[in-house]
1. log10 I(q)/I(0), Debye, Cα-only segment 32-189, no solvent, q = 0.09, 0.12, 0.19 Å⁻¹?
2. Multiply the residue separation of ASP186 and GLU316 by 0.36 nm, subtract the distance between their alpha-carbon atoms, and state the gained length in nm to one decimal.
3. On full extension of the chain, what length is gained from LYS302 through CYS233, given 0.36 nm per residue of separation minus the C-alpha to C-alpha distance?
4. Which net charge results when you count Lys and Arg as +1 and Asp and Glu as -1 among the other residues whose beta-carbon is under 12 Å from that of LYS82?
5. Taking the Cα of MET198, stepping 7 Å toward and past its beta carbon, and measuring to each backbone N in segment 248-284: which are under 11 Å?
6. Alpha carbon centre of segment 163-178 versus segment 237-265: separation in Å?
7. In nm, give the distance between the simple-model label positions of ALA28 and GLN269, each being 7 Å from the Cα along the Cα-to-Cβ direction.
8. From the Cα gyration tensor of segment 160-277, with a ≥ b ≥ c the square roots of its eigenvalues, which class applies: rounded if a/c is under 1.5, or else prolate if a/b is larger than b/c, or else oblate?
Amino acid sequence: MKKSILVFSFLWALMIGGISAQTLKFNANGKFKIVQFTDVHYIADDPRSAVAIERIGEVLDAEKPDLVVFTGDVIYGKPAEKSMCAVLNLVSERKYPFAVTFGNHDDEQGLSREELLKIIQRIPGNLTASAEGVSGVTNFVLPVKSSDGMRDAEILYMFDSHSYSQIKGIGGYDYIDFDQIQWYRDNSRKYTASNGGMVIPSLAFFHIALPEFRQAVVGESVPFFGIRKEKVCAPLLNSGLFASMKEMGDVQGVFVGHDHDNDYAVMWQGILLAYGRYTGGDTVYNNLSNGARVIELTEGEKSFRTWIRLKGNHVEQEVEFPESFLRPRK
């Protein structure tokens with residue numbers, strides 16, 4: 001039995017091109033679709049999690065994405081391995097490639113981030129990796145090739161946003177560390193150089209929102225789309241990732257989770273800051289019906305569409321970046 005499972009996994013990996021990030025590419029129509037699930041907070045065999053499984057399957061079958069990204073807090077109970085596999089297998093069995101960035105609760109269920117990563121990497125379709133010598137575990141880059149496969153047309157940055165503050169006297173959540181920011185800057189320069197000195201449009205995914213998510217909406221001076229029902233639970237200290245993104249000039253959108261009752265998208269200083277839609281069941285607090293955020297990229301364009309998909313194939317908050325944020329709201 002074990003041998004047959006290994007053979008299946010190997011053949012499946014060959015079919016989608018293995019776990020190499022280079023397998024991602026725009027389709028013949030120049031489109032690339034990402035489904036973002038966040039805060040699944042899954043607990044194996046807990047009936048409160050049934051709606052999370054239902055929604056993930058429903059969204060996947062409706063959207064048929066080119067990539068699925070889980071932005072943290074996939075699991076919320078023991079046994080950790082069973083819980084993690086139950087969620088990720090929903091994607092794997094449909095043969096969609098997927099990536100995971102850890103949240104602050106994933107490694108509180110009896111297994112470390114490193115142990116969870118090994119489990120994730122055994123599941124067919126996984127693209128999750130870990131950059132050596134960089135703080136955290138789920139820091140990696142996923143290039144998306146052009147439809148002809150000849151060049152990198154989009155770059156997806158995945159960050160480990162850690163968990164809780166490690167500085168004495170500073171409470172709340174941790175920040176993305178300076179060596180992670182340098183890792184991003186180094187990669188950004190590399191991809192720009194490989195593209196003849198022109199930046200490649202990029203997106204970033206992680207769990208805990210940047211302080212700029214709060215700054216963007218606190219003055220209520222910029223248009224945003226979506227729901228804002230709780231304060232932004234960002235780190236108290238700002239390590240400067242957003243400033244680096246502005247300086248490098250490549251990142252167009254940042255997608256996070258963590259705050260269950262927020263799903264808004266706001267353009268701040270030319271970058272879209274967007275929450276995913278809470279995907280989990282009733283294992284933790286939530287006042288929004290669960291669903292997912294969808295992002296559709298178009299090859300060769302510095303714009304993209306994004307929307308929220310909910311139960312019963314209901315779609316809302318469909319916007320185009322940056323156009324929707326430049327014109328007055330009706």
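1. Evaluating at q = 0.09, 0.12, 0.19 Å⁻¹ gives log10 I(q)/I(0) of -0.31, -0.55, -1.25.
2. The ASP186-GLU316 span can extend by a further 43.1 nm.
3. Numbers: separation 69, 0.36 × 69 = 24.84 nm, distance 2.94 nm.
Fully extending the segment from LYS302 to CYS233 adds 21.9 nm.
4. That works out to -2.
5. Of the residues in segment 248-284, none has backbone N under 11 Å from the label point off MET198.
6. Rounded to whole Å, the Cα centres lie 17 Å apart.
7. 4.3 nm
8. oblate
The values are calculated or read from the model by the stated rules, or taken from the named source; none is laboratory data. Remember, predicted model here, so these are calculated numbers, not experimental data. Cβ sites come from the backbone with ideal geometry, for glycine too, and all protein chains shown count toward neighbours. Ligands, DNA and RNA are stripped out before the accessible areas are found, and what is left, the full protein with its side chains, is counted by its heavy atoms. Shrake-Rupley method; radii C 1.70, N 1.55, O 1.52, S 1.80 Å.
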